[in-house]
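Below is one structure, written out as structure tokens; the observations come after it.
The values are calculated or read from the model by the stated rules, or taken from the named source; none is laboratory data. Small disclaimer: the values here were computed from a predicted structure and weren't measured. Here the Cβ positions follow ideal geometry from the backbone for every residue, glycine too, while neighbour counts run over all protein chains shown. In case anyone asks, the SASA skips ligands and DNA or RNA and just uses the protein heavy atoms, side chains included. Shrake-Rupley method; radii C 1.70, N 1.55, O 1.52, S 1.80 Å.
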Amino acid sequence: MKLGIIGCGGIANGKHMPNLKKLKDVEMVAFCDIIIERAEKAAAEYGVPGARVYSDYRELLENEKEIDNIHVLTPNRMHSIISAAALKAGKNVMCEKPMAINYDEAKKMLEARDESGKLLTIGYQHRQDPDVQYVKKEALKGTFGKIYFAKARVLRRRGVPIWGVFQNEYEQGGGCLVDVGTHALDTVLWLMDNYEPKYVVGSVYHELSKLPEEMQGNPFGCWKQEEFQVEDSAFGYIVMKNGSTVILESSWALNMLEGEAVQYELCGTLAGCDNFTDGSLRINGVKNGNMYIEKPSFNKGGVAFYEGTAVDPRAMEQKVFHDACLGKGELTVLPEQAAVVTRILDAIYESQRIGGPVYFD
Ligand SMILES: NC(=O)c1ccc[n+]([C@@H]2O[C@H](COP(=O)([O-])OP(=O)(O)OC[C@H]3O[C@@H](n4cnc5c(N)ncnc54)[C@H](O)[C@@H]3O)[C@@H](O)[C@H]2O)c1
């Protein structure tokens, strides 16, 4: 498989390129970034000898006829534009989350996918987390019964990204909700296997973004109040057509003590589960007249000289996509599912704007 990387910043260097490099049948042959030095550095570090570099994705798509797959790793606004262009150029596409800056843009990606007959997937790597995979298998077996109440949370006490364009409304389409809330909601909807929202009530806040530097305490460094255009926290109450309820909580900065990671809690008619305590999975239920808590262990590490069988979820995400492109398996993240996540996040913003619930067709 010959690959092109578009956007050579944090997530390209932190997730995609190092994990793609581990796959045997993959060659990274072209790299694009509007900051050309980033494309050059990526080509030198991860590319095949003679890998080409570009500062304009359109030139890459025009020139690189032999490329099979494109990874779209730019800020959010360009996700739909570049993904649709790459699909129309006959490439399979792995696009980072969130799928797009809004549902209308997400639909354009689905249309381009349908027209091209190529594969499109979105970078929700938490679906590959061992605990999430375990819960999914249990959910499919019916362990939880009907899941009628769930919580999806990513609450950072302080964790405002200050690099790139994360605080820029035009480039990103939103703040913590589309950046981290999107992961939590995606995880929970997938575990519930429920993509039919009925209505949404949302609250969106720009509160701690107004703090002066001495009250920020942000581990990534201080933000500038005047550049912080997007929300610092957002919450949603989502009612599904089958009556199930999901509460979504997301923040980059909130005066609270729990949270940080992607968290989920599922409550079903037969059992429940959560990862709220130190990130470990707990399954709760009643057996033989007594309440129980089960804590599966995901320690697949080896001993001295033997590695064990642990697989990094970020590596698994790349492998699943490439196997699917080779016809050796199914995608884990379907773009139709990611589009529903985007639609619900849109509705949270809209609910805040109109001051009431947003109903779906
Ligand atoms: N899956 C995850 O957990 C995760 C984590 C972090 C970021 N992301 C997503 O990855 C995307 C990028 O985030 P990042 O942290 O890498 O940001 P970043 O700012 O570090 O990198 C983005 C890169 O894209 C380049 N770029 C901008 N516009 C471009 C264009 N039109 N063509 C080519 N290159 C362009 C920038 O110059 C930059 O190098 C975002 O959509 C973000 O939501 C996902």
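Students often get this wrong, so check it: of K88/K146; K224/K319; K136/K319, which have C-alpha atoms separated by over 30 Å?
K88/K146; K224/K319
How big is the gap, in Å, between the Cα center of the range 293-348 and the Cα center of the range 81-111?
Their Cα centres are 20 Å away from one another.
Test of the criteria: in the range 128-218, which chymotrypsin sites (Phe, Trp or Tyr not before Pro) are in a DSSP loop and have at most 15 other Cβ atoms within 10 angstrom of their Cβ?
W163
So what is the relative contact order for the chain, in percent, with contacts set as C-alpha pairs under 8 Å and at least six apart?
19
Only helical DSSP H runs with n ≥ 4 go in: add -39500 (n - 2.57) per run for the chain, normalise by residue count and round the 222 nm mean residue ellipticity to 500 deg cm²/dmol.
For the chain, the value works out to -9000 deg cm²/dmol.
Taking only Cα atoms and a 10 Å spring cutoff, compute GNM fluctuations for the chain and point out the largest among S244, S280, S209.
Largest GNM mean-square fluctuation: S280.
First compute the accessible area of the chain with a 1.4 Å probe, then give the percent of it belonging to carbon and sulfur atoms.
Numbers: 8680 of 16880 Å².
In the chain, the share of accessible area belonging to carbon and sulfur is 51 percent.
Within 10 Å, at most 16 other Cβ atoms, and a DSSP state outside H, G, I, E, B define an exposed site. Report the longest part of the chain free of exposed trypsin sites (Lys or Arg not before Pro).
66-145
Most fluctuating residue of N168, N69, N102 in a GNM of the chain with Cα springs under 10 Å: which is it?
Its mean-square fluctuation being the largest, the pick is N168.
How big is the convex hull of the Cα atoms of the range 2-124, per residue, in Å³?
92
Based on alpha-carbon centroids, what's the gap between the range 208-245 and the range 10-53 in Å, whole number please?
A separation of 32 Å, based on Cα centres.
Please list the radius of gyration and Dmax for the range 267-361, considering alpha-carbon atoms only, with Å as the unit.
Looking at the range 267-361, its Cα Rg and Dmax stand at 20.3, 61 Å.
Could you estimate the translational diffusion coefficient of the chain from the Stokes-Einstein equation, with Rh from the Kirkwood formula over C-alpha pairs, at 10 °C and 1.306 mPa s, in whole µm²/s?
74
Among N242, N13, N299, which one shows the biggest mean-square fluctuation in a GNM of the chain, springs joining Cα atoms closer than 10 Å?
N299
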